[in-house]
Amino acid sequence: MEPLTRRQFLQSAAAAGAAGAPAIARSPLSPNDRIRVAVVGFKRRGMHHIECFHQLANQNVEVAALCDVDESVLDQGQALCDKLLGRKVPTYVDVRKLLEDRSIDVISYSTPNHWHALGTIWACQAGKDVFLEKPASHNIWEGRKMVEAARKYNRLVQHGTQSRSNGVMQEGMQKLREGIIGELYMARGMAYKWRSSIGRIKEEPVPPGVHYDLWVGPAAMKPFARQRFHYNWHFLWDFGCGEIGNQGVHQLDIMRWGLGLNTHPSRIQSMGGVYVHKDDQQTPNTQVAYYEYAGRNLLLQFDVRHWMTNHEAGIGDLYPTRGADNTVGVIFYGSDGYMVMPGYTSYYTFLGQKGTPGPKKEDTGDPGANLDHFANFIRAVRSRKVSDLSADIGEGHLSAALAHLANIAYRTRRTVNFDPATETFPGDEEAGRLLTRSYRAPYVVPERV
């Protein structure tokens, strides 16, 4: 397919209710070409993006631009670039303006969830490759649109589930496939993270330097409140997907990876609520989810807890995970034993009825830096092979969908039955409405990407 001209693209985007970025196809990079990266959104995680891409400077990678809708955050990113690079870089508040820069090869997104799909689609249409933080999408429908855009425009899109690039985790997965714990029948994941109350929503004037319309983007416009802004957006349905879509998507991805599941589940249950805190959080801070896959004798279970709780299988005490009070990890169960994977970078096996310690391996590196994942992405950008990506957007879509499906079952308060082939809930209009959302013009995820 020939790339659209700027005029053709804007006309088609307007017809779909979206004012997008220009669709400018770029030629494949040669191994000697400099890869110029723009980082979008860096209040928290995005700062790691800047640092990691800078660490790849010896591979001819350059942090070349920054974009954030909060000018105070933009100043912090600029200060970091000044420190690391010894110079300032161009800055933007509107990603559409950034995408017009034909010298940029890669867009690295660490924005709130509700911007992931549209930002990625626009970048693909503009001929950019994408490194995208988790979860891939805000809902299941737009996750599919992201995959379609990546394939249509031949873009490399890496999902931020960094465990897949970790050598120790890869070794642990190979052990599972070799049958170290026998025939697998269950995986249990947990995200027990110490979370304080977000408080009551108090609306106030938009702070100076915050481009709030751009921040809200595809979501419904509501007055500014700090409880809807930096980080706490995770726990409001308009912008986030709760803890299961925040921390949980990492472990859900590991569970699916370990069990070799390359499709969606067919039956999902989830219960929970907002317990302990008396605040305006909407997503459950205590949640349990169950997944069954048609034709597979496997059970997936996932737990979210946010306050006082125990550790499990040594995770959080014998095997600390990031954050002193966190218990985050996965346990795989087989006919001959079980495997514990705390956090993102280690595995331990326990064999037989007495749980005799078996093979194990630990990676003491900082999983927050996860340089291997960024390096894997850059190698794929140069090779132009989707198969070289550790966590292609297709994998990201499947793992993010596990969080979305649990939330749909939670919100409907019943078991939901899902058709993996059509990505629908046959005969279930209530659940079907939660597959997507109403988009606010002009920030509309298009039906045809």
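Counting the residues of the stretch 417-448 that are surrounded by 23 or more Cβ atoms within 10 Å (Cβ to Cβ) and among the aliphatic types (A, V, I, L, M) gives 1. In the set (1) of a type outside the set (S, T, N, Q); (2) in contact with a strand residue (DSSP E or B) (Cβ under 7 Å, 6 or more places away or on another chain); (3) assigned to a loop (DSSP other than H, G, I, E, B), R195 fails one condition alone, (2). If you go through the stretch 124-156 and keep only what is part of a loop (DSSP other than H, G, I, E, B), touching a strand residue (DSSP E or B) at 6+ places or on another chain (Cβ under 8 Å) and either of a type outside the set (A, V, I, L, M, F, W, C) or more than 20 Å from T422 (Cβ to Cβ) (or both), you end up with K128, E133, K134, R155, L156. Being under 22 Å from the mean Cα position of the chain (by Cα), more than 24 Å from E133 (Cβ to Cβ) and at pLDDT 95 or above holds for only one residue in Q281, Q301, and it is Q301.
The single condition from (1) β-branched (V, I, T); (2) outside any strand (DSSP E or B); (3) free of Cβ contacts under 8 Å to residues at least 40 places away in the same chain; (4) surrounded by 22 or more Cβ atoms within 10 Å (Cβ to Cβ) that V63 fails is (2).
Being in the same structural domain as L261 (by TED's automatic domain parsing), modelled with pLDDT of 95 or more and part of a helix (DSSP H, G or I) holds for only one residue in A431, A409, and it is A409. The test for being within 30 Å of S196 (Cβ to Cβ), surrounded by 17 or more Cβ atoms within 10 Å (Cβ to Cβ) and among the aromatic types (F, W, Y) holds for F302. Of all residues in the stretch 373-427, those satisfying the criterion of being of a type in the set (G, A, S) and free of Cβ contacts under 8 Å to residues at least 24 places away in the same chain are S383, S387, A421, G427. Of the residues making up the stretch 253-271, at least one is of a type in the set (V, I, T), in contact (Cβ under 8 Å) with a residue 40 or more places away in the chain, closer than 20 Å to R414 by Cβ and in a strand (DSSP E or B). Among the residues in the stretch 360-368, are any in the same structural domain as G260 (by TED's automatic domain parsing), modelled with pLDDT of 95 or more and surrounded by fewer than 21 Cβ atoms within 10 Å (Cβ to Cβ)? Checked against the condition, which is being in the same structural domain as G260 (by TED's automatic domain parsing), modelled with pLDDT of 95 or more and surrounded by fewer than 21 Cβ atoms within 10 Å (Cβ to Cβ), the stretch 360-368 yields at least one hit.
Within the stretch 101-123, being more than 26 Å from T422 (Cα to Cα) and either touching a His at 6+ places or on another chain (Cβ under 7 Å) or of a type outside the set (A, V, I, L, M) (or both) holds for D101, R102, S103, D105, S108, Y109, S110, T111, P112.
Within the stretch 274-287, is there a residue that is out of contact with any helix residue (DSSP H, G or I) (no Cβ under 9 Å at 6 or more places or on another chain) and in contact (Cβ under 8 Å) with a residue 40 or more places away in the chain? Yes, the stretch 274-287 contains a residue that is out of contact with any helix residue (DSSP H, G or I) (no Cβ under 9 Å at 6 or more places or on another chain) and in contact (Cβ under 8 Å) with a residue 40 or more places away in the chain. Inside the stretch 215-237, can you point out the residues that are in contact (Cβ under 8 Å) with a residue 40 or more places away in the chain and farther than 19 Å from R45 by Cβ? Of everything in the stretch 215-237, those that are in contact (Cβ under 8 Å) with a residue 40 or more places away in the chain and farther than 19 Å from R45 by Cβ turn out to be V216, P218, A219, A220, M221, Q227, W237.
I'd like to know if the stretch 308-322 contains one or more residues that are within 23 Å of the chain's Cα centre (by Cα) and within 25 Å of R200 (Cα to Cα). No, that holds for no residue.
For T120, the requirement of being closer than 28 Å to Y344 by Cβ and either free of Cβ contacts under 8 Å to residues at least 40 places away in the same chain or buried (at least 21 other Cβ atoms within 10 Å of the Cβ) (or both) is met. Within the stretch 335-359, restricting attention to residues that are in contact with a helix residue (DSSP H, G or I) (Cβ under 8 Å, 6 or more places away or on another chain) and either aliphatic (A, V, I, L, M) or buried (at least 18 other Cβ atoms within 10 Å of the Cβ) (or both), which residue is nearest to V249 (Cα to Cα)? Taking the candidates together, the pick is Y344.
All of (1) in contact with a helix residue (DSSP H, G or I) (Cβ under 9 Å, 6 or more places away or on another chain); (2) touching a residue at least 12 places away in the same chain (Cβ under 8 Å) hold for Q247 with one exception: (1).
The values are calculated or read from the model by the stated rules, or taken from the named source; none is laboratory data. Since the model is a prediction, treat every value here as computed from it, not as a measurement. When we count neighbours, we look across all protein chains shown, and the Cβ atoms used for this are built from the backbone with ideal geometry, even at glycine.
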